[in-house]
Amino acid sequence: MIAVIIAAVVVAASPTPAAAPAALSTTPLREVVYKVTTSEYVDDITESYGGGEDAFAPSSTIVGAKNGVVTVDVMAKLDDGVLGVQISERWRTLPLPQRFTGIVAPDGTVKFPPATIDPVTIELLPFFATRFAPAGALANGSHWTVVSTYDKSVVTTGYTVTSVGAGSVTIRKLTSISALGNESIDGAIVFDPSTSVPISGKLRVKRTDTFADGQTQQTIDLTFERVSDSDLTTATP
């Protein structure tokens, strides 16, 4: 599954400490709640469709779709800027919430145990980072890049501010992952610079594996929207 691949690559690429802080506060420093959706598709494109007896047409199959709520509890902030984070994911298809603990590095690198948090959670967490963006005001056209390497994988993420509003900026995120297959993440995130959290986001993750007779492409569409924030006096729409 592409969800596992993405999680493994992003987690393994982290240059941060190997584990979350040993002791976290029992009361969150901050709690932010998001409404999320995720849909996964597989496109099979081969050269065998020519009308022969064993021929089959290219196909597109939905692997899974789900929606739910992700709660981000910031439990600790270390002197070097690393955040200790607890995640609760509650999906409509699951009776109980899933809970995980990990860290967010100052540059936005996410480190959780492999195959735990969902890809949509992986995508919203970097925007909590203490030094996610360069110092100073974010202006239209501002751009920065984060590069992580691990083993034979190179993860390169470019962030570009595409518009600036009264209380938020829109940032395009474009990630390329060089590993066994070709993988990319492309999307737009509305970010609140004053409170340093994402407001909403819509991203598409693609992985293409090429074979002798064709290729298979996996796609995940991810969306998230903030619904409450303990740092704000009222819930946001």
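Sort the stretch 75-222 into rounded, prolate or oblate with this rule: let a ≥ b ≥ c be the square roots of the eigenvalues of the Cα gyration tensor; rounded if a/c is under 1.5, and if a/c is not under 1.5, prolate when a/b is larger than b/c, oblate otherwise. Verdict is oblate for the stretch 75-222. Compute the FRET efficiency between residue 227 and residue 80 as 1/(1 + (r/R0)^6), taking r as their Cβ-Cβ distance and R0 = 45 Å, and round to the nearest 0.05. FRET efficiency, residue 227 to residue 80: 0.90. Each of 192, 44 has some number of other Cβ atoms within 10 Å of its Cβ, and from fewest to most they run 44, 192. Using C-alpha pairs below 8 Å separated by at least 6 residues, the relative contact order for the stretch 78-237 is 13 percent.
A full extension of the chain between residue 65 and residue 98 corresponds to an added length of 10.2 nm, given 0.36 nm per residue minus the alpha carbon distance.
Neighbour counts of other Cβ atoms within 10 Å put 99, 92, 207 in the fewest-to-most order 92, 99, 207. In the stretch 94-152, Rg over Rh equals 1.06, where Rg is the alpha-carbon radius of gyration and Rh the Kirkwood radius from pairwise Cα distances. Counting every other Cβ atom within 10 Å of each residue's Cβ, 93, 38, 149 order from fewest to most as 93, 149, 38. Inter-label distance, residue 208 to residue 135: 4.1 nm, where each label sits 7 Å from its Cα along the C-beta direction.
Just so you know, all these numbers are worked out from the coordinates, no wet-lab data involved. Note that the structure is a prediction, hence the values are computed from the model and not measured. Here Cβ is always computed from backbone atoms with ideal geometry, including for glycine, and neighbour counts include all displayed protein chains.
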